[in-house]
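The values are calculated or read from the model by the stated rules, or taken from the named source; none is laboratory data. Predicted, not measured: the structure shown is a model, and the values here were computed from it. Here the Cβ is made from the backbone with ideal geometry for all residues, glycine too, and neighbour counts use every protein chain on show. The protein model used for the area step is the full one, side chains on, heavy atoms only, and it has no ligands, DNA or RNA in it. Shrake-Rupley method; radii C 1.70, N 1.55, O 1.52, S 1.80 Å.
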Amino acid sequence: MLSINDLHSQIDDKKILNGLSLEVNKGEVHAIMGPNGSGKSTLANVLAGRDGYDVTGGSVTYEGQDLLEMSPEERAWAGIFLAFQYPVEIPGVNNIYLLKAGVNAIRKSRGETELDAVEFLALVREKIKLVKMKEDFMSRGVNEGFSGGEKKRNEIFQMAVLEPKLAILDETDSGLDIDALKIVADGVNHLRNEERSIVLVTHYQRLLNYIVPDFVHVLANGRIIKSGGSELALQLEEQGYEQVMREAEAA
Amino acid sequence: MTQAAIDHYLAEHKRLSNNSAGWIEKQRLSALESLGRQGFPSTRHEAWKYTDVRSLLKQNFISVDTDDSTVGAEQMQTIRFPDLDCYELVFVNGHFNSALSSLPASGEAINVSSISTAGDDVRAKIEQYLNQYASTDKHGFAALNTAFLNDGTFIHAADNAQIDKPLHLVFISNKQNSSFIAHPRNLIILGSNARATVIESYIGLDNAEYCTNTVTEIITSEGAHLEHYKLQQESDLAYHIGYLHAHCHKDSRLDSHSISLGGLLVRNDIDTVLAGRGAHVGLNGLYIAGNNQHIDNHTRVDHNMPNTSSDETYRGVLDGKARAVFNGKVVVHKDAQQIDAQQSNANLLMSDDAEIDTKPELEIYADDVKCTHGATIGQLDENMLFYLRSRAIDETTARSLLTFAFADEVIKRISFAPIRERLEHRVVGRLPDASLISEFLQ
Ligand SMILES: Nc1ncnc2c1ncn2[C@@H]1O[C@H](COP(=O)(O)OP(=O)(O)OP(=O)(O)O)[C@@H](O)[C@H]1O
Ligand SMILES: [Mg+2]
């Protein structure tokens, strides 16, 4: 589904990704952990197509296409979704109309008929239950005045409505209270299936108790330096990144 | 330049005086004198530094002296606000058109009339209120308006009266044999605790070449409340000079919403005097300009008395080679304590060639005063743009949407939904790729 090969990326002259490689197959859940500033959000942004990152080497293939050639919206139409580490507030753009336009843009790109207002509302009602948000949130501007945790839940809600094939969640668990963490994890688990791939960026092993990943990777200095199963997260929790980074250097 | 223009308008005045109204002659002549004295403003005047009216003055506009021009039903349809329950006074090329108009019944409490058709009692009132607080010395165009005064609207609500529906004053200009000028004059006088909603629409048709030189005078007596809207949609070749003067007595309130979308060269002046304790003015403005449009908004609020407040938000969206000017002056006079004055002006520049000159001016002669002001100039927010695109919205739609959201911050401040929604549609219609975002406007 997603194949990242020796990816190098920089902002201005600052190198951030240094030969990063990662394979994600259909239906897999990958967790990416790593120290602050190691390039996790950069990876997520490069995958979603944010401007300002120069890709200086390597390739990214998504469902057989050159992902780096595609605009952000084309990636969304093709089924990629990024839950932002810091979701932006957009006053004046209504949450619900944004989602409706998004759903229909995706459907249109696939040659499907667009949902009418009634069908869309039914979809929203169903999905909003997943994240236990009140419906009146939907009539507000995108994330406008939402608390940190509400913003994160809104990201998961949007993901549920847009039904991506590849979801990249950038620290969606940060800043959540214990109940909200559980709600977000349940939401993600609900969407987990054999068709959908998920890349979870997280600092906390705690999330991985709820969403058990198939693979855990350590990203440091712009590269994946170690990969393993879900037990790797437990090991990191105990030992920190130091040891893994030393091992990688030695190798 | 300005002398040639003065001579032209003096000759015009002579030509028209044969069939002039007569009854208001004294004021007209004294205004003519004022024009001769002060001339027209030039860029040497600080208040007109960025707005050069020479191209306007060169035109030798003449007045349309017959009122037989009219507007077809179909065109009226596009001008009227669909299904808005309101009264309408329609003026075509400067002349009242009674066939197209629908007025409230006039009586003791409410008196609404066009100036050209005013009866003796209304004429007496007009003479009483005309230039009571506004001045022909404001600038040459204000003087010109009074000198050529022959039509417009007189609105009077007696103490405690409420005009039950909005009054929509529609000033339409269409193609004539030669380019022309009209001088609409509106007087809006509210008695104590009276209430009214007035919309002034200025509309140009058929890409006509003309000038609208309009003056509106407002007086709100104690406790009165006026909602005032000005929608400026002149044609691409039109000049528009507008002067609004408001005098607000104790505990009265004026909410002014000024939306400028059209015109080649546009200048709006709004002067508000808060003359009694507890008076409040809200000034909302939106200007959207593209191509070679030039839109200049000058506002001034005088806090003459303690406990008065003003709240101003102006926003602009500029594309192409458009140029805009914003100047917001707030004067807090001596001993006017406990003043709350807020002002902000934000601008979105959509092209490298667009230009804005923005300047807040505060003059404060009292000490217990809360004043804030700020001006910003910027482009669309890249983070917002990326967020929308990552949610499957194509770039063109996303840009259009964010532009609308920016402009809508002003429209949203309109509390009366039927007008807000209709103005929203006019604003959207003015934005690039409007059809893409209609979905967002239900
Ligand atoms: N726009 C930018 N300009 C300059 N440097 C940047 C920019 N964006 C990111 N960086 C730098 O790139 C490095 C990687 O940042 P990134 O946000 O990808 O880290 P991260 O792994 O997500 O960290 P965290 O765990 O704190 O979220 C950091 O050193 C950061 O300062
Ligand atoms: Mg990050």
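A few remarks follow.
- Residue selected from the range A:63-75 under the condition buried (at least 16 other Cβ atoms within 10 Å of the Cβ) and closer than 30 Å to B:PHE404 by Cβ, by the criterion nearest to ligand 1 (Cβ to nearest atom): A:PRO72
- Residue within the range B:413-434 that is within 11 Å of chain A (Cβ to nearest Cβ), under 20 Å from the mean Cα position of the chain (by Cα), closer than 22 Å to B:GLU355 by Cα and touching a residue at least 40 places away in the same chain (Cβ under 8 Å) present: no
- Hits in the range B:272-320 (condition: touching a Cys at 6+ places or on another chain (Cβ under 7 Å) and aliphatic (A, V, I, L, M)): B:VAL273, B:LEU274, B:ALA275, B:ALA279, B:VAL281
- Number of residues in the range B:376-389 that are open to solvent by less than 10 Å² (accessible area, probe 1.4 Å) and either farther than 17 Å from B:SER351 by Cβ or not aliphatic (A, V, I, L, M) (or both): the value is 2.
- Some residue of the range B:414-424 being modelled with pLDDT of 95 or more and open to solvent by 50 Å² or more (accessible area, probe 1.4 Å): no
- The set of residues in the range A:64-80 that are touching a helix residue (DSSP H, G or I) at 6+ places or on another chain (Cβ under 9 Å) and assigned to a helix (DSSP H, G or I) comprises A:LEU67, A:LEU68, A:PRO72, A:GLU73, A:GLU74, A:ARG75, A:ALA76, A:TRP77.
- Restricting B:ILE6, B:ILE79 to those that are assigned by TED's automatic domain parsing to the domain that holds B:SER116, open to solvent by less than 70 Å² (accessible area, probe 1.4 Å) and over 21 Å from the mean Cα position of the chain (by Cα) reduces the list to B:ILE6.
- Selection of the range B:56-76 for residues being open to solvent by less than 70 Å² (accessible area, probe 1.4 Å), within 30 Å of B:SER42 (Cα to Cα) and of a type outside the set (A, V, I, L, M, F, W, C) yields B:GLN59, B:SER63.
- Hey, A:ALA44 within 15 Å of ligand 1 (Cβ to nearest atom), under 15 Å from the mean Cα position of the chain (by Cα) and more than 20 Å from A:ILE225 (Cα to Cα) or not: no
- Filter result for the condition that a residue is on the phi > 0 side of the Ramachandran plot and either surrounded by fewer than 24 Cβ atoms within 10 Å (Cβ to Cβ) or more than 15 Å from the chain's Cα centre (by Cα) (or both), over B:ASN291, B:ASN327: B:ASN291
- Just one residue in the set A:VAL93, A:VAL60, A:VAL29 is within 20 Å of A:VAL188 (Cα to Cα), away from ligand 1 (no atom under 11 Å from the Cβ) and open to solvent by less than 30 Å² (accessible area, probe 1.4 Å); that residue is A:VAL29.
- Residue check for A:GLY37: exposed (fewer than 14 other Cβ atoms within 10 Å of the Cβ), within 16 Å of ligand 1 (Cβ to nearest atom) and among the small types (Gly, Ala, Ser): yes
- Odd one out for A:LYS14 among (1) within 19 Å of the chain's Cα centre (by Cα); (2) within 16 Å of ligand 2 (Cβ to nearest atom): (1)
- Residue among B:ASP311, B:ASP408, B:ASP340 that alone is under 21 Å from B:LEU254 (Cα atoms), in a helix (DSSP H, G or I) and either within 14 Å of chain A (Cβ to nearest Cβ) or open to solvent by 10 Å² or more (accessible area, probe 1.4 Å) (or both): B:ASP408
- The numbered conditions (1) near ligand 1 (Cβ under 7 Å from one of its atoms); (2) without any contact (Cβ under 8 Å) to a residue 40 or more places away in the chain are all true for A:ILE16 except (2).
- Of B:ASP352, B:ASP340, B:ASP296, B:ASP335, all but one fail to be within 30 Å of B:PRO432 (Cβ to Cβ) and touching a residue at least 12 places away in the same chain (Cβ under 8 Å); the exception is B:ASP296.
- Among residues of the range B:92-112, those that are touching a helix residue (DSSP H, G or I) at 6+ places or on another chain (Cβ under 9 Å) and either open to solvent by 30 Å² or more (accessible area, probe 1.4 Å) or within 26 Å of B:GLN176 (Cβ to Cβ) (or both), counted: 3
- If the condition is being assigned to a helix (DSSP H, G or I) and more than 10 Å from chain A (Cβ to nearest Cβ), then the range B:375-395 contributes no residue at all.
- Single match in A:VAL216, A:VAL161, A:VAL188 (criterion: within 16 Å of ligand 1 (Cβ to nearest atom) and hydrophobic (A, V, I, L, M, F, W, C)): A:VAL216
- Taken over the range A:17-40, residues that are within 16 Å of ligand 2 (Cβ to nearest atom) and not in a strand (DSSP E or B) amount to 7.
- Close pairs (7 angstrom Cβ cut-off, 6 or more residues apart or separate chains): within 12 Å of chain B (Cβ to nearest Cβ) in the range A:37-53, more than 7 Å from ligand 1 (Cβ to nearest atom) and basic (Lys, Arg) anywhere: A:ALA48/A:ARG75; A:GLY49/A:ARG75
- Qualifying residue in the range A:116-134 (condition: closer than 22 Å to A:VAL212 by Cβ, among the aliphatic types (A, V, I, L, M) and within 14 Å of chain B (Cβ to nearest Cβ)): no
- When every residue of the range B:343-355 is checked against the conditions, at least one turns out to be away from every other protein chain (no Cβ under 14 Å), touching a Ser or Thr at 6+ places or on another chain (Cβ under 8 Å), assigned to a loop (DSSP other than H, G, I, E, B) and aliphatic (A, V, I, L, M).
- Subset tally (residues that are under 23 Å from A:ALA78 (Cα atoms), outside any loop (DSSP other than H, G, I, E, B) and open to solvent by 70 Å² or more (accessible area, probe 1.4 Å)) for the range A:96-120: 2
- Tally of residues being under 17 Å from A:VAL24 (Cβ atoms) and in contact with a Ser or Thr (Cβ under 6 Å, 6 or more places away or on another chain) across the range A:154-187: 2
- The set of residues from the range A:127-150 being free of Cβ contacts under 8 Å to residues at least 24 places away in the same chain and more than 22 Å from the chain's Cα centre (by Cα) comprises A:LYS134, A:GLU135, A:ASP136.
- The residue pairs whose first member lies in the range B:171-182 and is in the same structural domain as B:SER98 (by TED's automatic domain parsing), whose second member is assigned to a strand (DSSP E or B) and β-branched (Val, Ile, Thr), and whose beta carbons are closer than 6 Å, counting only pairs six or more residues apart or on different chains, are B:ILE172/B:VAL92; B:ILE172/B:ILE203; B:PHE180/B:ILE62; B:ALA182/B:THR212.
- Positions within the range A:76-86 being surrounded by fewer than 23 Cβ atoms within 10 Å (Cβ to Cβ) and either facing chain B (nearest Cβ under 8 Å) or of a type in the set (A, V, I, L, M) (or both), in sequence order: A:TRP77, A:ALA78
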